[in-house]
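Below: the structure, in structure tokens.
The values are calculated or read from the model by the stated rules, or taken from the named source; none is laboratory data. Everything quoted here is computed from the prediction, not taken from an experiment. Cβ: placed from backbone, ideal geometry, glycine included. Neighbour counts: every protein chain shown.
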């Protein structure tokens, strides 16, 4: 009987591994590829070093305006105007209120996810957080100084508009999505009409509508704050998009789920809130995050109707006669902020998507 | 006699019938909607009366009296009406959208295919492009190109010169203007005839391929017809197209035609931004074709470009086209952001300048919205038609 000995696996041939082989395979596999690679390296060489020089190595990070000698970015402008970029004209003595809202946010998330187990307590927290935030930001209660909305600005205003937009549009979006799926023709038509109208026009026309036309539809006594008008426009806009996202989720739920809920004798609302929506919302989370990213980017449009979000701060800070001609730094700074926020949200949405996809792979 | 099972309104069973309840819910909803609308419209009429605002569309026939920096049709600063302003605005919207649509499709295709390249560097560069430009608000990009990049261009006297006769400076991009003589009409005819013949050639070659299996070099032949026919007619008819070259006179250029910087910035930003979404759609489409399809085609001995042309693309296009058409619509809607830099399209001209002068906000904004709604309806009709056309035909 022959005895089989397990042979040690031989090493792969020297030319099929290592960085040189990798480069041969991935960068220089053919003449065309080699040309492309060289072009690519040339492009990187042309853009990256000057950009890094401008942004970091040649940049002025400290000192006063008079001391600028390098020709890179003059970040002292941003450092000087940082508060304005973040808070607009919000009084400096009250900045702690905004910071405490910022601090309360992660605390609430931790409470919501890990500490609270009772669903009623969770609901209470869900309602309490926006209320407390509003009281802190707007003031006027408990001896807090009232800060008029025209003093709100900068990144804080951007975040307020985006958050209100997503929170307020969510219930409306759910109702619209359910209405669009409804068996009642009148309700369905109304919902479809609303959704398609909103999705058919640009946000800027809705904002114009809200800021110019809306006050004419109400009694003269009813005053609409400029910010409130923008928020109404944004909420209407976002709810139509959220409705479409949720409809996608609703359509992905198998018919059997609806029928099972019916068979159990659940009413329409019970079936929706206990069976269908929890599943539909779960699968639409990545798309909801995607829609939120779009909304976050779209909040920049409020500068066109005269609100001072962080993008508007670029022009505003540059109108200071002491600091003229710093647009480039301003735009780059705002770009970095938007990019960082949107990019991290999109990575988060991708990670959720991957987590959901595991069962199918 | 058998009695109908219908229950009367006052019996208990009436409300247990979901159909009856549905009718009641709908009547109530309709009632609420009508009441709410009546409340709003009532207030509207009150306010209009109190503030003494004129209503109606009579203002469209009044002279607008303001200048427009770019007009595709004849426009007079003094005598042209608001109606004409509206048309100028719509045309300018269409112009910037058309330019950006072509550019974004080309960039998007290149980046999307580039991301799937076997070349590591190229695919990473394409990924960086997508991740950078997709995550920056479009308005920020428009303002950046307009206020930073274009504003940094030199003055007309120090223009950047391309091919001797094209000049780029902070007043815009100045190009030679083609001058058409009367014979130039024949070139137009030549182009039309060339297009028609290519159309029939394509149909003929497809039919022949279906019947006999013989290939016809349709792409090369069509391209040469399209290029050669107008070219030959151009020389035969005595070169009827000349150019009006721009020349520096004093502080600015005379002659030629100018692409205004607003148009440059807007078209550039829109195409760069939308291209990221198109690239993602292209990538997703190509990735959606199972590898088995490519391997099967390869094992049949098909060449690489045939595989792409006959196996991969027909299947990928079904996935690619719908989102791309949606992105086209988004691009058209985003062109409304022109109002931030003052490119004279419909929102800037009509909802901006005209609204400030006339003050009839409702009519003007509704007209503006109607323009965009028309675009979306047209595009969704196209989309439905395309979807029906590219659907796999089941047996």
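Some notes on this structure:
- The condition (being in a helix (DSSP H, G or I), closer than 27 Å to residue A:298 by Cα and modelled with pLDDT of 80 or more) is satisfied by just one residue among A:157, A:125: A:157.
- Here the condition is being at pLDDT below 90 and at negative phi; of A:217, A:170, A:197, it holds for A:217 alone.
- Members of the stretch A:202-215 that are within 7 Å of chain B (Cβ to nearest Cβ) and closer than 21 Å to residue B:359 by Cβ: A:204, A:205, A:208, A:209, A:212, A:213
- Helices (runs of 4 or more DSSP H) within the stretch B:260-377 that include 2 or more residues more than 20 Å from residue A:301 (Cα to Cα), within 19 Å of the chain's Cα centre (by Cα) and within 14 Å of chain A (Cβ to nearest Cβ): B:261-288, B:313-334
- When residues of the stretch B:120-133 are limited to those that are over 15 Å from residue A:22 (Cβ atoms) and more than 8 Å from chain A (Cβ to nearest Cβ), the one surrounded by the most Cβ atoms within 10 Å (Cβ to Cβ): B:126
- In the set A:52, A:43, only one residue is at pLDDT 85 or above and farther than 30 Å from residue A:156 by Cα; that residue is A:43.
Yes/no matrix, rows are residues, columns are (1) closer than 30 Å to residue A:100 by Cβ; (2) out of contact with any helix residue (DSSP H, G or I) (no Cβ under 6 Å at 6 or more places or on another chain); (3) more than 10 Å from chain B (Cβ to nearest Cβ):
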position: A:143; (1), (2), (3): yes, yes, yes
position: A:146; (1), (2), (3): yes, yes, yes
position: A:149; (1), (2), (3): yes, no, yes
position: A:156; (1), (2), (3): yes, no, yes
position: A:159; (1), (2), (3): yes, yes, yes
position: A:169; (1), (2), (3): yes, no, yes
position: A:180; (1), (2), (3): no, no, yes
position: A:200; (1), (2), (3): no, no, no
position: A:217; (1), (2), (3): no, no, no
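- Complete set of residues in the stretch A:134-148 that are in a helix (DSSP H, G or I) and surrounded by 18 or more Cβ atoms within 10 Å (Cβ to Cβ): A:136, A:137
Each row is one residue, and each column tells you yes or no for (1) more than 13 Å from chain B (Cβ to nearest Cβ); (2) assigned to a helix (DSSP H, G or I); (3) in contact with a strand residue (DSSP E or B) (Cβ under 8 Å, 6 or more places away or on another chain); (4) touching a residue at least 12 places away in the same chain (Cβ under 8 Å).
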residue	(1), (2), (3), (4)
A:250	yes, yes, no, yes
A:259	yes, yes, no, no
A:265	no, no, no, no
A:270	yes, yes, no, no
A:290	no, yes, no, yes
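- Of all residues in the stretch A:1-57, those being over 18 Å from residue B:122 (Cα atoms) and within 32 Å of the chain's Cα centre (by Cα) number 9.
- Filter pass, residue B:168 being away from chain A (no Cβ under 14 Å), surrounded by fewer than 21 Cβ atoms within 10 Å (Cβ to Cβ) and free of Cβ contacts under 8 Å to residues at least 24 places away in the same chain: yes
- Long-range neighbours under 7 Å by Cβ, at least six apart or interchain, first residue more than 9 Å from chain B (Cβ to nearest Cβ) within the stretch A:341-356, second outside any helix (DSSP H, G or I): none
- Residues satisfying the stated conditions in the stretch B:10-63, i.e. assigned to a helix (DSSP H, G or I), facing another protein chain (nearest Cβ under 10 Å) and in contact (Cβ under 8 Å) with a residue 12 or more places away in the chain: B:44
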